[in-house]
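Structure first, commentary second.
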Amino acid sequence: MKFLRAMKKLKIKQQIMAAVMACVLGIGGIYSVHASVINDAKNKKNEAQQELDNLNSQIDEIQAAQSDLQEEMDAYDDRLMALLTDMDLLENDMDAKQDEIDQANADLEVAQEKEQTQYNAMKTRIQYMYENGDSNYWEAMMGATSITDLLNRVEYVSEVYDYDRKQLTAYQETVQQVADLKDQLNAQLAEMEELKISYEDQASSLQALIAEKSAAMDNFDAQLASAKSLASQYADTIKKQNQIIADEQARQAAEEAAARRAAQQQQQNAGNQSNTTGSDTNASASGSGTGLTSSGLNPAHTTNVSGSDVVAFASQYVGYPYVYGGNSLTEGADCSYFVMACFGQYGISLPRNSYSMQSCGQAVSYDCAQPGDIICYPGHVAIYMGNGRIVHASSPTNGICYGSATYRTILTIRRVL
């Protein structure tokens, strides 16, 4: 009988060990399958992030070039507007100059007419004196009644000649002055016309430059639109890969939980069989459990670190963001880094991922949980605060926040202090 009982105990122990190994192998297989999908998604996400960073850098460069080009175009526009204003003023001056030339032409015609009239009158008097000969002249002289009268007649004839000569000279000078003024005005108008041609050439060049810069700006706009479109696609890729990672982690956690529950059930069944034979196998099984199927698990603390201090330290970061894979309590952390960093502040070393934390320290029953214990959920970990509350890096939406300890299925509670 003793031999049979010993053989039965050995068989039960073998069953328990087989259940434990099946759990370990099953979870390991689950982790391996999901890890492959998650790693592939992370690689794709990282590639998309790198491309997105490159595109954002290109967008910044394009926008800077656009800004520089716009400043250049504005300067060209200002120059063109100033030039067009100068051209308007020049045309007004040319119109005024043409009016002056027209007036000079009219004045020249009048002066020439007066010159011709004076010349004709002088020529008539000379002709009259010539045709009547010197006899009339001498008769006029001899007709004088006195020396005074004679001198007066001689002086009169001389004055007539002087008058005619002076008048003719004055009219000739006037004609020359008006002609000179006309030439001067024509020269000024010609200079203005040359300046107008120069202005028109400059305006044409500026308009060509503005057209060229506008085409370059259109090209920048097209490049910017293309870059932003690609950036949006890469951002969508990152979002999709994040969703794949989250889905796979949730699926992995659910499958791991199911495998553990199956293994726990096998252990419990094996323990029940052991109880029927009076063996102490059940004690051994419960000692390696999660603490959820056995009440009263409340191991002693192995450090001098206060769990309340850990909770107080963790609570300082409530409100800061959650970032998947993040490694900063202020810039962004995920659940496992948050727990690892808070305990690391007190010299407690923990693994980086939530799965490995499920095996840290000692199992604790929920009814014995104390502040500073770690509560492990499928794919997630949190720090127990006491009174059914936790502080944890929850999600991208909620960030680091407080919550209820039983808001999800608890896999195990671990005491590492």
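The values are calculated or read from the model by the stated rules, or taken from the named source; none is laboratory data. Model, not experiment: these values are computed from the prediction. For neighbour counting, all protein chains shown are included, and Cβ atoms are generated from backbone atoms with ideal geometry for every residue, glycine included. Keep in mind that these areas ignore ligands, DNA and RNA; they rest on the heavy atoms of the full protein, side chains included. Shrake-Rupley method; radii C 1.70, N 1.55, O 1.52, S 1.80 Å.
Observations, loosely collected:
- All other residues whose Cβ lies under 12 angstrom from that of K239 are scored, Lys and Arg at +1 and Asp and Glu at -1, for a net of +2.
- With the largest listed first and rounded to whole Å, the semi-axes of the equivalent ellipsoid of the range 313-382 from the Cα gyration tensor are 20, 13, 12.
- Extension gain (nm, one decimal) between D221 and A64, 0.36 nm per residue minus Cα-Cα: 55.3 nm
- Accessible surface calculations at 1.4 Å, restricted to protein heavy atoms, place the range 170-231 at 62 Å² per residue.
- Averaged over residues, the count of other Cβ atoms within 10 Å places the peptides 350-359, 70-79 in the sequence 350-359, 70-79, highest first.
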